1. May I ask you to give the solvent-accessible area per residue for the range 1-86, in square angstrom, as obtained with a 1.4 angstrom probe?
2. When the accessible area of the range 1-129 is split by element with a 1.4 Å probe, what percent falls to carbon and sulfur?
3. Residue by residue through the range 9-17, what is 3J(HN,Hα) from phi via Karplus (6.51 cos²θ - 1.76 cosθ + 1.60, θ = phi - 60°)? Round to whole Hz and write x for glycine and proline.
4. So which residue, out of K94, K78, K163, gets the largest mean-square fluctuation from a GNM of the chain using Cα contacts under 10 Å as springs?
5. Would you compute, from DSSP H runs of 4+ residues alone, the mean residue ellipticity of the chain at 222 nm, taking -39500 (n - 2.57) per run and dividing by the full residue count, rounded to the nearest 500?
6. When the chain is modelled as a GNM with alpha-carbon springs shorter than 10 Å, which of V73, V168, V95 fluctuates the most?
7. List the chymotrypsin sites (Phe, Trp or Tyr not before Pro) within the range 1-34 that fall in a DSSP loop (any state other than H, G, I, E or B) and whose Cβ has at most 12 other Cβ atoms within 10 Å.
8. Å³ per residue of the Cα convex hull, for the chain?
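The values are calculated or read from the model by the stated rules, or taken from the named source; none is laboratory data. Everything quoted here is computed from the prediction, not taken from an experiment. Here the Cβ is made from the backbone with ideal geometry for all residues, glycine too, and neighbour counts use every protein chain on show. With ligands, DNA and RNA removed, areas are computed over all heavy atoms of the protein, side chains included. Shrake-Rupley method; radii C 1.70, N 1.55, O 1.52, S 1.80 Å.
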Amino acid sequence: SYWVSEHDNGIYDAMNKGFRMATGEVIGIINSDDLIAEPTAIEDVVRCFESNNSIDAVYADLYYVAQNDTSKVIRYWKSGNQRPSAHPTFYVKKVVCEKSGLFDLSFKFAADFELMLRLIEKEHIKLYYLPKALVRMRLGGTTSKSLSNIIKGNIECVEAFRKNNIRVSCLYPLFRLFPKIKQYFQ
């Protein structure tokens with residue numbers, strides 16, 4: 001176990017530092033206010049990589065839970081074919097990020113989205129979907145704690161498509177915005 005407490009330039013800079021310090025072959029990030037859903041979750045991810053050496057990343061489902069009661073499931077997020085998926089369920093081989101880059105610090109709310117978009121849609125990494133919830137994610141994180149942040153995050157998602165030269169429907173922001181607004185008012 002290794003612990004560092006130092007100044008950084010925001011959450012994504014801190015996560016990039018974590019990526020660089022990681023010594024394992026596979027990297028996943030869980031936010032400080034989120035929880036691993038089951039005791040076997042990491043073991044399940046490792047089994048996916050061990051059973052298929054050609055995959056670059058594993059992603060899964062998650063539970064959105066109440067801020068003050070993590071046993072209260074607000075919504076089950078089924079990632080399925082939805083890409084990018086929720087980043088706390090995304091486990092990627094370290095060599096993939098070393099080759100393709102880490103979080104883009106020009107994104108303050110959607111660097112996780114941009115990284116997964118770049119890896120999945122631009123780099124075409126090989127994915128494996130694990131159809132089970134790996135994480136209990138509390139509502140009210142940085143990107144969804146206010147309506148203003150939800151809107152800023154969605155604007156950044158559109159910018160991520162543009163920056164990576166990936167075409168997207170002009171309706172895409174609405175596709176992302178409505179479920180988040182609905183959760184914000186629950």
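1. Values: 5300 Å² over 86 residues.
Ligands and nucleic acids excluded, the figure is 62 Å² per residue.
2. Ligands and nucleic acids excluded, carbon and sulfur reach 50 percent.
3. Per-residue couplings from phi come out as 9, x, 4, 6, 5, 4, 5, 4, 4 Hz.
4. Sorting by GNM fluctuation, first place goes to K163.
5. -10500 deg cm²/dmol
6. Judging by the Gaussian network model, the answer is V168.
7. Sparse-neighbourhood loop chymotrypsin sites (Phe, Trp or Tyr not before Pro): Y2, W3.
8. About 126 Å³ per residue, rounded to a whole number.
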